[in-house]
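For reference, the structure I am asking about is given below.
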Amino acid sequence: MRKKIVFYIGFFLVLVVGFYFVLTKVIPGYGKVKLPVLSYVLPFQFVNQDGKIITEKDLEGKVYVAEYFFTTCKSICPMMNTNLKPIHEAFKGDSRFLIVSHTCDPETDSSARLKVYADSIKADTQRWWFLTGRKDSLYSTARSSYLLDDPKNNLQNIDDQFLHTQFFALVDKAGQVRKIYDGLSKKELEELKKDIKDLLDEPIAQKRFSNNLFGN
C-alpha cells in the first residue's frame, strides 16, 4: 500500500512538472518573473534627425530604450552610445524594437546636427531615433515619463537647468517604463539585453499605473 502511495505521488509530481514545462514552451513569457511597471510615457511631441514630428503614438507597439545625451558631450555620452551599439546591432533586424536618444541640449542639437551625429556612429535611423525639441518638454519627459531624474527638478527655472544622466529606461509595447539601467554598467547592460527579449515576447498590457517612483 505504501509503495502505491509513493508511486502515485511521484507520478503526480511528474505530471505537474511536465505540464509546467509544456506551458513555458507554448505560452510566451509563462513562468518568467515579470518586470514591474514603474511609470508610463506621457504624451509628447519632438522632431527626429530627419525633421519628422514624432509623438508617443509612433512608439505604440514598440519595445524601446530611452536615453538622454548631447552631441558635444566629451564625458559619459560617448561611452553610453558605444554601449548601446551592441544592443542596436543585436535587435536592429526586429521592427518591434527601437533606441530613442533625446538631446539634453536642443539649442545646439538641431535635427541636422543629430543626423550628422547618427551617421558618425553608423546608427541605422530606422531603428535608432535621435530627437530634439523644446527644452522644457524634453526635460519634463525625462523626469515625469522615463524617471531618469527627479520630477521635482522641473520646478527650477528651465534656463538654469542642464540634465546629464547615464541611465537608460526600458519601455514596453504599451508605453510603460519597466526598468532603469546604468548605461555604464556591463552587468546591467547584459540584463537589458535579456529584458528586451522578454518584453518582445510579452503581450501588450493596459496602462494602469501612475508615475510615482519619486514619491507623491
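The values are calculated or read from the model by the stated rules, or taken from the named source; none is laboratory data. None of the values given here were measured: they were computed from a predicted structure. Here Cβ is always computed from backbone atoms with ideal geometry, including for glycine, and neighbour counts include all displayed protein chains.
Of the residues Ile180, Ile158, Ile121, only one is farther than 16 Å from Met80 by Cβ and among the β-branched types (Val, Ile, Thr); which? Before you say what the answer is, go through the steps one by one.
On the way: Ile180 fails: farther than 16 Å from Met80 by Cβ; Ile121 fails: farther than 16 Å from Met80 by Cβ.
Exactly one of Ile180, Ile158, Ile121 is farther than 16 Å from Met80 by Cβ and among the β-branched types (Val, Ile, Thr), namely Ile158.
If we scan the range 139-153, do we find a residue that is surrounded by 14 or more Cβ atoms within 10 Å (Cβ to Cβ) and at positive phi?
Our first condition is that a residue be surrounded by 14 or more Cβ atoms within 10 Å (Cβ to Cβ); within the range 139-153, this holds for 139-149, 151, 153.
Restricting the remaining residues to those that are at positive phi gives 147.
Taking every residue of the range 139-153 in turn, at least one turns out to be surrounded by 14 or more Cβ atoms within 10 Å (Cβ to Cβ) and at positive phi.
Looking only at residues in the range 101-129 that are touching an Asp or Glu at 6+ places or on another chain (Cβ under 8 Å), surrounded by 22 or more Cβ atoms within 10 Å (Cβ to Cβ) and not small (Gly, Ala, Ser), which one is farthest from Thr55 (Cα to Cα)?
Thr103
OK, next. Is there a residue in the range 185-193 that is in contact (Cβ under 8 Å) with a residue 24 or more places away in the chain and surrounded by 15 or more Cβ atoms within 10 Å (Cβ to Cβ)?
There is at least one residue in the range 185-193 that is in contact (Cβ under 8 Å) with a residue 24 or more places away in the chain and surrounded by 15 or more Cβ atoms within 10 Å (Cβ to Cβ).
Now, a different point. When the range 55-86 is examined, which residues are found to be hydrophobic (A, V, I, L, M, F, W, C), outside any loop (DSSP other than H, G, I, E, B) and surrounded by fewer than 19 Cβ atoms within 10 Å (Cβ to Cβ)? Walk me through it before giving the result.
So the first thing to find is which residues in the range 55-86 are hydrophobic (A, V, I, L, M, F, W, C), and the list is 59, 63, 65-66, 69-70, 73, 76-77, 79-80, 84.
Restricting the remaining residues to those that are outside any loop (DSSP other than H, G, I, E, B) gives 59, 63, 65-66, 69, 76-77, 79-80, 84.
Across the range 55-86, the qualifying residues are Ile76, Met79.
Pairs, please: C-beta under 6 Å, at least 6 apart or cross-chain, first residue without any contact (Cβ under 8 Å) to a residue 40 or more places away in the chain and not assigned by TED's automatic domain parsing to the domain that holds Asn81 and in the range 162-175, second of a type outside the set (Gly, Ala, Ser) and outside any loop (DSSP other than H, G, I, E, B)?
none
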